[in-house]
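The values are calculated or read from the model by the stated rules, or taken from the named source; none is laboratory data. Only a predicted model underlies this, so the values are computations on that prediction, with no experimental measurement involved. Note that each Cβ is placed from the backbone with ideal geometry, even for glycine, and that neighbours are counted across all protein chains shown.
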Amino acid sequence: MKRWIAAVVLGLSMAGVAHAAIDTYEFAKEGDRERFRQLTKELRCPKCQNQDIADSNAPIAADLRKEIFRMLGEGKDNQQIIDFMVDRYGDFVRYKPALNAKTAVLWFGPAGLLLGGFVIIAVIVRRRRVQSAATKDELSVEERERLDQLLDKTKND
Amino acid sequence: MRRWLMLLPLAIFLVVAVFLYRGLYLNPAELPSAMINKPFPEFSLPAVQGDKTLTRADLLGKPALVNVWGTWCISCRVEHPVLNKLAEKGVVIYGINYKDINADALKWLDEFHNPYQLDIRDDAGTLGLNLGVYGAPETFFIDAKGIIRDKFVGVIDEQVWREKLAAKYQALVDEAKP
């Protein structure tokens, strides 16, 4: 019995953590609900910096959710809504930053570093291969003489 | 060539270290405002005192500070006496009472003195939203033509004003002189 109660208490306490902010919005179209969910996940709360506006309980996030709901009702498309937010709060509010000169490093930096790593590995591997090939196949003149001597020695023995 | 390559990791380390060291002293709560060099948004809102309607046109003519505040905002209370002093010195300050209860705002202005030449009442936060306000206090610097030229987030205290903001305001005033 005790164990059972403990399990229920644990379950209830975890349920609260899963999702913070819950509003009740009635959507005219079913597709709007999905778009609302997607947009509020993609936009970042300007006040509480590491939360999207779907998760945040900050008043500003609630205002922005209301604003998104209003714009969905007006039939604006996703890009118009995102532009509206970026106009006011800057590129900062987008979790998926737009591709422009400022964000190019962000977009291509990791791939560039990875590529650079591959190039360095390729160079090292090739150099090693050339080196080991040189040492294996080519004998210097002295080495050849010494080899001949040794071979002659064994023959004469 | 070989020697040079050996120094490469050190060079990379130094570059990263400089970036991270700088990052230690940046305030992540300070967002670059998207509104800088854009015109102050249009609005039509009542005044906090009386029932006059204020619009964007009322803010034009003189460079000014537009201060976003609320009675619910504790740091605004710290900032308020500084604004009073600035207003006494002749700095033009307009106020936006942001998402507040008007009776509380009236009481506050009555008790703590009113530094604002105009006091816009933005109960619903619509003007605040158009300005990209995400907290209070925030202060916008507008020029005589109503273009937002700068923005400061946080409490304006005497030191911040002296070291950072006074020069910015003065530049706008000088610019407005014929």
Checklist (1) in contact (Cβ under 8 Å) with a residue 60 or more places away in the chain; (2) closer than 30 Å to A:Ile81 by Cβ applied to B:Asn97, failing item: (1)
Single residue of the range B:138-159 satisfying the filter (closer than 13 Å to B:Ile96 by Cβ and away from chain A (no Cβ under 13 Å)) that is farthest from the chain's Cα centre (by Cα): B:Ile142
Pairs with Cβ under 6 Å, 6+ apart, first in the range A:85-100 and surrounded by 16 or more Cβ atoms within 10 Å (Cβ to Cβ), second small (Gly, Ala, Ser) and part of a strand (DSSP E or B): none
Subset of the range A:1-45 that is among the hydroxyl-bearing types (Ser, Thr, Tyr) and surrounded by 10 or more Cβ atoms within 10 Å (Cβ to Cβ) - its residue that is modelled with the lowest pLDDT: A:Tyr25
Which numbered condition A:Gln79 misses (of (1) loosely packed, with under 14 Cβ neighbours inside 10 Å; (2) within 13 Å of chain B (Cβ to nearest Cβ); (3) more than 19 Å from B:Lys38 (Cβ to Cβ)): (2)
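Conditions tested, residue by residue: (1) buried (at least 21 other Cβ atoms within 10 Å of the Cβ); (2) within 15 Å of B:Lys151 (Cα to Cα); (3) out of contact with any Lys or Arg (no Cβ under 9 Å at 6 or more places or on another chain); (4) without any contact (Cβ under 8 Å) to a residue 40 or more places away in the chain.
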{"position": "B:Met35", "(1), (2), (3), (4)": "yes, yes, no, no"}
{"position": "B:Pro41", "(1), (2), (3), (4)": "no, yes, no, no"}
{"position": "B:Lys52", "(1), (2), (3), (4)": "no, no, yes, yes"}
{"position": "B:Lys62", "(1), (2), (3), (4)": "no, no, yes, no"}
{"position": "B:Leu65", "(1), (2), (3), (4)": "yes, yes, yes, no"}
{"position": "B:Ser75", "(1), (2), (3), (4)": "no, no, yes, no"}
{"position": "B:Asn84", "(1), (2), (3), (4)": "no, no, yes, yes"}
{"position": "B:Gly90", "(1), (2), (3), (4)": "no, no, yes, yes"}
{"position": "B:Ala103", "(1), (2), (3), (4)": "no, no, yes, yes"}
Number of the exception - B:Ala124 against (1) without any contact (Cβ under 8 Å) to a residue 40 or more places away in the chain; (2) touching a Pro at 6+ places or on another chain (Cβ under 9 Å); (3) within 14 Å of chain A (Cβ to nearest Cβ); (4) among the small types (Gly, Ala, Ser): (2)
When residues of the range B:139-178 are limited to those that are free of Cβ contacts under 8 Å to residues at least 40 places away in the same chain and touching a strand residue (DSSP E or B) at 6+ places or on another chain (Cβ under 9 Å), the one nearest to B:Met35 (Cα to Cα): B:Phe152
Subset of the range B:165-178 [assigned to a helix (DSSP H, G or I) and at pLDDT below 90]: B:Glu175, B:Ala176
The range A:53-65, subset charged (D, E, K, R) and modelled with pLDDT under 90, residue surrounded by the most Cβ atoms within 10 Å (Cβ to Cβ): A:Asp63
All helices (runs of 4 or more DSSP H) inside the range B:37-137 with 2 or more residues being under 16 Å from the mean Cα position of the chain (by Cα) and at pLDDT below 95: B:74-88, B:126-131
Residue list for the range B:15-33, filter: surrounded by 10 or more Cβ atoms within 10 Å (Cβ to Cβ) and away from chain A (no Cβ under 14 Å): B:Ala17, B:Val18
Count - residues of the range A:22-72 that are within 28 Å of the chain's Cα centre (by Cα), under 23 Å from B:Val153 (Cβ atoms) and either of a type in the set (Ser, Thr, Tyr) or within 13 Å of chain B (Cβ to nearest Cβ) (or both): 17
